[in-house]
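Step one of this worksheet: look at the structure below.
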Amino acid sequence: MFPENFLWGGAVAANQCEGAYNEDGKGLSVQDVLPHGIKGARAEGPTPDNMKLVGIDFYHRYREDLALFAEMGFKVFRTSIAWSRIFPNGDEEVPNEAGLQFYDDLFDECHNYGMEPLVTISHYETPLHLARQYNGWLSRKMIGFYERYVRTIFDRYKDKVKYWLTFNEINSILNSPFMSGAIDTPKEKLTETQLYQAVHHELVASALATKIGHEINPDFQIGCMILSMPVYPLSPDPCDVIAAMEEEHRHSLFADVHVRGVYPGYAKRYFQEHGISLEITEEDREILKNTVDFISFSYYVSACATADASKNIRGEGNLLGGVLNPTLKASEWGWQIDPQGLRIVLNQFWDKYQKPLFIVENGLGAVDVLVEEQDGTVTVEDDYRIAYLHDHLLQVEEAIEDGVEVMGYTSWGCIDLVSASTAELKKRYGFIYVDRNDDGSGSMERYRKKSFYWYKDVIASNGNSLKDRGENDWVI
Ligand code: BGP
């Protein structure tokens, strides 16, 4: 059974939905030069083919969208603050009042509907100037810029926002150093020492935010946000089991530092054996002791690992990817679908840390087709999405039965938005269809999909309606 106070809701990020990329004093962010997502070339500046510049125009239409979320019964709404609305270049002394006002209005509107905002402080949208001028998180100066930004927003919204996440999918910097860490140096030219130094700066900044937040309002609940991906050994060969463990270690280091306040032994060993020498000051070590209140994570895919190079057949998946699992089906974008992986990941986090867990992203990106029903209603018959979410939520319930403490669930892209990895709008996740296409055409009208009504029932029944159907065979 889901607990009484379970926080049901949905999640978006500013850069993927707001648009208005240059309005009311907003500066450019790294997203404004990524017209084709992480794999495409970086542009010099904003280009007309960049779907994020307009997004789904959430900046101007958020009232209408929040009303739809409220109609589904959301208890929580996760979004991010676009850093470059508050500090357009990132290194100014004084924040941009118009940017601050926008989020005041947005959070007020959430509360008008009894929805708790859950705010990501930095979600792949670092001010571009910080990338170009300082090389992003490679520079220690970033800690100071981030500190100024978090102090500003914590002070401003201390009575409106209780739940905060310091960095979206903080471990994704290992794979996407520009989008995730604003590091301008091309990935292939970065040394491991540089990359892990940037990681260290982010970890210190995250712990500093936790410290400052608790000083400003002791009721704040501040969490880390990890891209989770359980890694299974491809075979029972112990060499594959070790390969899986080592792949997991690359990522579990981030949660370990956030929860325990020190680097784990396996990380120290990795640094030593790979000639990685980091600048870690005594003050850094003190700051890292400010540990998080809860762990939040995204979950889309699991992966396999093998020590056998000839079997190392890699697939796509949420920025990371891994060795393909022969037992699983995949989405149209090649992301393997594994509902039980969510139960596994919940149990792993809980067994290790005994900290409350929040699933802040999960969902299916798919091509949707608008249809007109006999009564004239325009909708999408997205049974595939319902099947995906249904099966994942059943696994959340299983984990709760296992004794795991789960605070809530916010499905990703509760309204269609622009994809982070491919910058497409046709990769849709929403309960709400947005009439906008990748060529920029469309009316921006919003339509309730079939999943909209399904999720509304799930929330209204606190998950009990999930039992009305069994596990699904995949229809996608
Ligand atoms: C996560 C990001 C989100 C989101 C999601 C889906 O990695 O935190 O920003 O976009 O993945 O990925 P995509 O948009 O690439 O389908």
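Could you grab the relative contact order for the stretch 163-302? Cα pairs under 8 Å, six or more apart, rounded to a whole percent. Don't skip to the end; give the middle numbers.
Working: 183 pairs, mean separation 49.0, N = 140.
For the stretch 163-302, the relative contact order is 35 percent.
Please work out the average accessible area per residue across the stretch 7-465, using the 1.4 Å probe convention, and give it in Å².
Spelled out: the 1.4 Å probe surface of the stretch 7-465, per residue, equals 36 Å².
Accessible area of the chain with a 1.4 Å probe: how many percent of it is carbon plus sulfur?
49 percent
Output the pairs from 141/187; 329/352; 39/426; 26/160; 52/329; 39/311 with a Cα-Cα distance over 27 Å in this structure; if there are none, say none.
Details: 141/187 21 Å; 329/352 29 Å; 39/426 17 Å; 26/160 22 Å; 52/329 30 Å; 39/311 24 Å.
Violating the 27 Å Cα-Cα cut-off are 329/352; 52/329.
Hey, got the dipole for the stretch 76-207? About the Cα centre, +1 on K and R Cβ, -1 on D and E Cβ, debye to the nearest 20?
Charge dipole, the stretch 76-207, about its Cα centre: 320 debye, nearest 20.
In percent, how large is the relative contact order of the chain, given Cα pairs closer than 8 Å and 6 or more residues apart?
RCO, the chain: 17 percent.
Within the chain, which complete DSSP H helices have Cα atoms spanning at least 30 Å along the helix axis and a mean Kyte-Doolittle hydropathy of -1.0 or higher?
Flagged H segments are 192-216.
Magnitude of the Cβ-charge dipole of the chain, K/R +1 and D/E -1, about the Cα centre, nearest 20 debye?
760 debye
When DSSP assigns beta bridges and you keep just the ones with both residues in the chain, what percent turn out antiparallel, to the nearest 5? Kindly include the intermediate steps, with their values, before the conclusion.
Values: 12 of 48 bridges.
That works out to approximately 25 percent antiparallel.
The values are calculated or read from the model by the stated rules, or taken from the named source; none is laboratory data. Here the structure is a predicted model, which means the values were calculated and not measured. FYI the Cβ positions are ideal-geometry reconstructions off the backbone, even for glycines, and counts take in every protein chain you see. Side chains are part of the model used for accessible areas, which takes the heavy atoms of the whole protein and leaves out ligands, DNA and RNA. Shrake-Rupley method; radii C 1.70, N 1.55, O 1.52, S 1.80 Å.
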